[in-house]
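Novice: Pasting a structure below so you can have a look.
Each value in this text was obtained by applying a stated rule to the coordinates, not by laboratory testing. As the structure is a computational prediction, the values presented were derived from the model and not from experiment. A quick note on method: Cβ atoms are made from the backbone with ideal geometry, for glycine too, and the neighbour counts reach across all protein chains shown.
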Amino acid sequence: MGVGEAQPIVAPTPAERAVADLLEFLAAPAEARAVRDGVPFWFHTFALNRREGIYTPGVARDHRYRIPALPERFDGLSVLDVGTFDGFYAFLAESRGARHVTAIDNEQYRLWVRARWGIELRGGEGFRAIHALRSSDVEYHRLDAFDLEALGECFDVVYCFGILHRVENPLALLRLIRARVAPGGDVLVETYGSTAPDNGAAIDVLEPRAIYPGDDYVYWGFGAAGLKRLAAHAGFASVEVIDRPIVDGHPRILASMRAA
């Protein structure tokens, strides 16, 4: 795929559909195709019209392991999605009854999308397209995760999906997130894992571009013990490791962190 080329339209795999179909759209076929084709690059797969098989060509692989960790209902809860990209999980929380959803992204992904796929993005294209299609009330901020205090509020549920391995100081980020969690609230963290059979509390330091071609922004691989100790330093009362799957050949780790 050369610089400036559009993302090819590909049919989602059954695994991707299983996640995408959780978020219902009622878009007419022409509108669904216009939304799909009007965004140069999709990270998340959205089922814009399931009956006609119109899906966005998201590049994110099988996320089914995340779904059991999400509440079936978010009624009365406030939700923060850190590193939202196209916003799938923010919109899913809204659809499941959250009273208020805030989504943030510093849009650094523009750099690795350009490096890996040769596509230039302004940032936020996919999010804005879905927001308009759903007439959504999700609040979006182009904001770095290290500036979370600018939000000035706390949340009952915080997502931190696919971010922790991409920041130079993961402990500092967890501390900032902890400060934005309401008493008794939860943070769902999903990040790059470790394939070491038993690395104790060690955290893998990954080679530049060793994980994804052209991607200089994957620094760490986390084992369960290392992630738990980081969370304790950040002030979380408890941590539950929910899953450690291998997705598309890559280790992941999913954990729930509870505020006191």
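Novice: I need the shape label for region 45-96. Rule: rounded when a/c is under 1.5, else prolate if a/b > b/c, else oblate, with a, b, c from the alpha carbon gyration tensor.
Specialist: It is prolate, given that a/c is not under 1.5 and a/b is the larger ratio.
Novice: In which sequence would TRP42, TRP112 go, from the one with the fewest C-beta neighbours within 10 Å to the one with the most?
Specialist: The most exposed by this proxy come first: TRP112, TRP42.
Novice: Most fluctuating residue of ASP137, ASP62, ASP248 in a GNM of the chain with Cα springs under 10 Å: which is it?
Specialist: The residue that fluctuates most here is ASP248.
Novice: Another question, if that's okay. Output the relative contact order of the chain, whole-number percent, from Cα pairs under 8 angstrom with separation of 6+ residues.
Specialist: 16 percent
Novice: For the chain, what does -39500 (n - 2.57) per DSSP helix run (n ≥ 4), summed and divided by total residues, give at 222 nm, in deg cm²/dmol to the nearest 500? The partial results should precede the final answer.
Specialist: Details: 7 runs with 63 residues, N = 260.
Helix-only estimate at 222 nm: -7000 deg cm²/dmol.
Novice: To the nearest 10 degrees, how steeply does helix 224-234 sit against the main Cα axis of the chain, on a 0 to 90 scale?
Specialist: Approximately 80 degrees, to the nearest ten.
Novice: What residue among PHE161, PHE41, PHE146 has the largest mean-square fluctuation in a Gaussian network model of the chain, using Cα springs under 10 Å?
Specialist: In this elastic network of the chain, the residue with the biggest mean-square fluctuation among PHE161, PHE41, PHE146 is PHE146.
Novice: Here is a further query. How would region 77-217 be classified by its alpha-carbon gyration tensor: rounded, prolate or oblate, with rounded meaning a/c under 1.5 and the a/b versus b/c comparison settling the rest? Spell out each step's value before the answer.
Specialist: Numbers: a/c = 2.01, a/b = 1.21, b/c = 1.66.
Since a/c reaches 1.5 but b/c is at least a/b, the shape of region 77-217 is classed as oblate.
Novice: For percent of Cα pairs over 30 Å apart, which listed value, (1) 25; (2) 70; (3) 40, comes from the coordinates shown?
Specialist: Computed from the coordinates, percent of Cα pairs over 30 Å apart corresponds to (1).
Novice: Express in whole angstrom the spacing between the alpha-carbon centres of region 84-160 and region 218-247.
Specialist: Between the Cα centres of region 84-160 and region 218-247 lies a distance of 23 Å.
Novice: Which of ASP81, ASP186, ASP215 ends up with the largest GNM mean-square fluctuation for the chain, with Cα atoms connected below 10 Å?
Specialist: ASP215
Novice: Using only the Cα atoms of region 1-154, build the gyration tensor, take square roots of its eigenvalues as a ≥ b ≥ c, and label the shape rounded, prolate or oblate: rounded if a/c is under 1.5, else prolate if a/b is larger than b/c, else oblate.
Specialist: oblate
Novice: Where does the Debye-calculated log10 I(q)/I(0) of region 151-239 sit at q = 0.14 Å⁻¹, using only Cα point scatterers of equal weight, no solvent?
Specialist: -0.51
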